[in-house]
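Derivation of every value follows stated rules applied to the coordinates shown; laboratory data play no part. Model, not experiment: these values are computed from the prediction. Here Cβ is always computed from backbone atoms with ideal geometry, including for glycine, and neighbour counts include all displayed protein chains.
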Amino acid sequence: MKKFTRSLYDRKIAGICGGIGKYYNIDSNLVRILFLILFAYFGVLLFMYIICVFIVPNEIV
């Protein structure tokens, strides 16, 4: 069973986009671009990102 975690190695800020990319098996840069586009239209995504930083655990090496 896959578990959503923050990436330790594919991170720019907190590893949330890297973790999403790893969970869905897509490129994390694509996730980052989609996040920025959606953030331009829906400012609440930044708030959700900050909440995920505190809720989503780091991956275990």
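Distances between placed amide hydrogens fall under 5 Å for ASN58 paired with ARG6, all partners being 5 or more residues away or on another chain.
Annotation note: trypsin sites (Lys or Arg not before Pro) in the chain located in DSSP loop regions with a Cβ neighbour count of at most 10 within 10 Å are LYS2, LYS3. Maximal additional length on extending the VAL61-LYS12 stretch stands at 15.8 nm, based on 0.36 nm per residue less the C-alpha distance.
Of all chymotrypsin sites (Phe, Trp or Tyr not before Pro) in segment 18-61, which ones are in loop regions per DSSP and have a Cβ with at most 14 other Cβ atoms within 10 Å? Intermediate values should be presented prior to the final figure.
On the way: sites: TYR23, TYR24, PHE35, PHE39, TYR41, PHE42, PHE47, TYR49, PHE54; in loops: PHE42.
The qualifying sites are PHE42.
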